[in-house]
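Okay, so here's the structure we're looking at.
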């Protein structure tokens, strides 16, 4: 059999790519559905869920490159004519479905890859594919939008696939013609093709309109911004009257999950700071920090982190850190305690400080053990979820800012 297409039949390359693509679709879609529905209440369940998601992502990215090869091959080859060109509506619908399939085979895995690259979390894409994409930053809004696009494009792919299969069955069972047979391996069907109608840009334009309609429906259902939902309503933190008012700052955490670092930050917190930079030895002040737990964003595992096995934000919506600010021979340190999930632990936070007039800039970090606060007690395997959590603080404060 010839490797190339002709005006009446598909060559071996086109057939191989067609059935390889079909196999990939039939594998990747069920994998995604099963992985998404799997629970992750225990370490074993989370490991199984992550493994299936990694397989789903890796097969999906592989399918993306197979689709690119298939499309490039298709545009360089003659397309076999329709066996029944006189059935104008049916033939036009078939061409639109083909365009939807080709486009979706690129858009579905690409949007999934962008979602993966723009967020942090578990389930890495396996070798040889990387985790990142050029020009795709780690950004929560971008990852949510890409996740929504992935869902919409996947729905278009599924519907197009159903129509494609239904058409093939109709040709084989009802029409009893050679449409399906000429795509089967080892079969070379010849017929006398009638003059093929030239529809130009009509099928691809109609396919684009279908995608536009699907995107509109997705927007109506809010699939592009679902990450705003949290486990509990964020508490309203009380305003503080502080000698030093924080004008800008970041309170972040970093944990290792499935061998990869996952970083996040709290967007809502207050700090009551009393500090005298003239003190050169001993207590130079004190700090009281209140944190809204539900303001945390932690990549793709934000929702999981809010759950009862982790931060339990519904029951414990805030955390508090109170400490004395000490000036020691080794530098500044905030020595006090952290209350999280109703548990109090001693915490020492060393930091660097520069004061210029009425502006102070501090940077510091410390390491906590999540087990001391009953966070993720079911995750006993450190290779799945690290015990250590790095807490980092970077802020600028102004004297008498309030």
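Based on what the data block shows, is residue 182 assigned to a loop (DSSP other than H, G, I, E, B), at pLDDT below 90 and surrounded by 14 or more Cβ atoms within 10 Å (Cβ to Cβ)? When the stated conditions are applied, residue 182 does not pass them. Would a scan of the range 284-295 turn up a residue that is in a loop (DSSP other than H, G, I, E, B), modelled with pLDDT under 95 and in contact with a helix residue (DSSP H, G or I) (Cβ under 8 Å, 6 or more places away or on another chain)? Scanning the range 284-295 turns up no residue that is in a loop (DSSP other than H, G, I, E, B), modelled with pLDDT under 95 and in contact with a helix residue (DSSP H, G or I) (Cβ under 8 Å, 6 or more places away or on another chain).
Restricting 190, 170 to residues that are at pLDDT below 85, surrounded by fewer than 16 Cβ atoms within 10 Å (Cβ to Cβ) and out of contact with any helix residue (DSSP H, G or I) (no Cβ under 8 Å at 6 or more places or on another chain) narrows the list to 190. Criterion applied to 360, 346 was being in a strand (DSSP E or B), surrounded by 15 or more Cβ atoms within 10 Å (Cβ to Cβ) and either in the same structural domain as residue 292 (by TED's automatic domain parsing) or over 32 Å from the mean Cα position of the chain (by Cα) (or both), and the one residue passing it is 360.
Confirm whether residue 29 is surrounded by fewer than 16 Cβ atoms within 10 Å (Cβ to Cβ), assigned to a helix (DSSP H, G or I) and modelled with pLDDT of 90 or more. No: the conditions fail for residue 29. Residues that are within 39 Å of the chain's Cα centre (by Cα), in a loop (DSSP other than H, G, I, E, B) and under 15 Å from residue 99 (Cβ atoms) within the range 66-85 comprise just one, 79.
Every condition in (1) assigned to a loop (DSSP other than H, G, I, E, B); (2) touching a residue at least 40 places away in the same chain (Cβ under 8 Å); (3) farther than 17 Å from residue 340 by Cβ holds for residue 262 except the one numbered (1). Within the span defined as the range 307-314, every residue fails to be in a strand (DSSP E or B) and crowded, with 20+ Cβ neighbours inside 10 Å.
So, residue 93, is that one in the same structural domain as residue 143 (by TED's automatic domain parsing), free of Cβ contacts under 8 Å to residues at least 12 places away in the same chain, more than 30 Å from residue 308 (Cβ to Cβ) and surrounded by fewer than 16 Cβ atoms within 10 Å (Cβ to Cβ) or not? Judged against the criteria, residue 93 is not a match.
The values are calculated or read from the model by the stated rules, or taken from the named source; none is laboratory data. The structure presented is a predicted model; accordingly, all values stated were derived computationally and were not measured. No Cβ is skipped: glycine too gets one built from the backbone with ideal geometry, and neighbour counts run over all protein chains shown.
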